[in-house]
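J.: Quick one: the structure is below, and I'll ask about it shortly.
The values are calculated or read from the model by the stated rules, or taken from the named source; none is laboratory data. Treat the numbers as computed from the prediction; the structure is a model and nothing was measured. Note that each Cβ is placed from the backbone with ideal geometry, even for glycine, and that neighbours are counted across all protein chains shown.
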Amino acid sequence: MPSVEQLEEIRANYFAEDVAIEDAMRDWTVAEAEVFFDSGGAIRPGQGVPTPQGVFALSGRKIDGTNMEMRDFAGKPLLIMNVASR
């Protein structure tokens, strides 16, 4: 069970000074506090990983870097995964 001082140190390590420390966090493990602050306060113990909002796919298109235009992604969250095939 981390002390307030430990929580402040963990929060600083993850550059999450904008995330408040709550009294209930003293009942968490250090690992749970690290995940919480690393996620910017989005992942609390026992809640699991939040579902991303606004996810979309470019169906039927292979993205190879030559057929992308930034206007295709304007105003949308963007995640590009590089999955190597054999």
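J.: With (1) surrounded by fewer than 11 Cβ atoms within 10 Å (Cβ to Cβ); (2) at pLDDT 95 or above; (3) among the acidic types (Asp, Glu) as the list, and residue 69 as the residue in question, which single condition is left unmet?
T.: (2)
J.: Can you pull out every residue in the stretch 30-47 that is part of a loop (DSSP other than H, G, I, E, B) and either touching a Cys at 6+ places or on another chain (Cβ under 7 Å) or not charged (D, E, K, R) (or both)?
T.: If the condition is that a residue be part of a loop (DSSP other than H, G, I, E, B) and either touching a Cys at 6+ places or on another chain (Cβ under 7 Å) or not charged (D, E, K, R) (or both), then 39, 40, 41, 42, 43, 45, 46, 47 are the ones that fit.
J.: Return the total of residues in the stretch 25-41 being surrounded by fewer than 14 Cβ atoms within 10 Å (Cβ to Cβ) and closer than 14 Å to residue 9 by Cβ.
T.: Here the count works out to 1.
J.: Going through the stretch 1-13 one residue at a time, which ones are surrounded by fewer than 17 Cβ atoms within 10 Å (Cβ to Cβ) and under 19 Å from the mean Cα position of the chain (by Cα)?
T.: 12, 13
J.: Suppose we filter the stretch 1-29 for residues that are in a helix (DSSP H, G or I) and closer than 16 Å to residue 39 by Cβ; how many remain?
T.: 6
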